[in-house]
Amino acid sequence: MRVKAVFTTLLLVLLFARAAPSQQPASPPPPPVTPGVGSVVVQVCVDTKGYLTEEPTVVASSGQSQLDEGAIKVAKSGSGKYIPPTKDGKAVPGCIKFRVKFDLKDSPPPSS
């Protein structure tokens, strides 16, 4: 009899645990996305002359593919203009990260 009572108690505990609402607080909804507004963190790797040694990459996305792609274009256009890192006063190859901010909400439409 005692085994049956323990089993019944355990079964009830499991049933109530499943039926009970989650005690974890609901995560806040993501902030609204304003098209054309956001920032992207890009990483570029350069040689000792400031030229890209590989394709730039998005480290932190804006959540908008158009802005991410635009940030990559900006990063590519800087090839040869980047200031490479230095060690003991001499330029060395290395990677850097930077943020590209976009605020296109009030921009006029592109001309045809």
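The values are calculated or read from the model by the stated rules, or taken from the named source; none is laboratory data. Worth saying up front: this structure is predicted, and the values here are computed from it rather than measured. Glycine gets a Cβ as well: all are built from the backbone with ideal geometry, and neighbour counts include every protein chain shown.
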**Asked** Taking the condition in contact (Cβ under 8 Å) with a residue 40 or more places away in the chain and among the β-branched types (Val, Ile, Thr), does THR57 pass?
**Response** no
**Message:** THR57 - would you say it is surrounded by 10 or more Cβ atoms within 10 Å (Cβ to Cβ), at pLDDT 65 or above and over 15 Å from the mean Cα position of the chain (by Cα)?
**Reply:** no
**Positions within the range 34-48 being assigned to a loop (DSSP other than H, G, I, E, B) and modelled with pLDDT of 95 or more, in sequence order** = ASP47, THR48
**Message:** Testing TYR51 on (1) touching a residue at least 40 places away in the same chain (Cβ under 8 Å); (2) surrounded by 12 or more Cβ atoms within 10 Å (Cβ to Cβ), one condition comes back false. Which one is that?
**Reply:** (1)
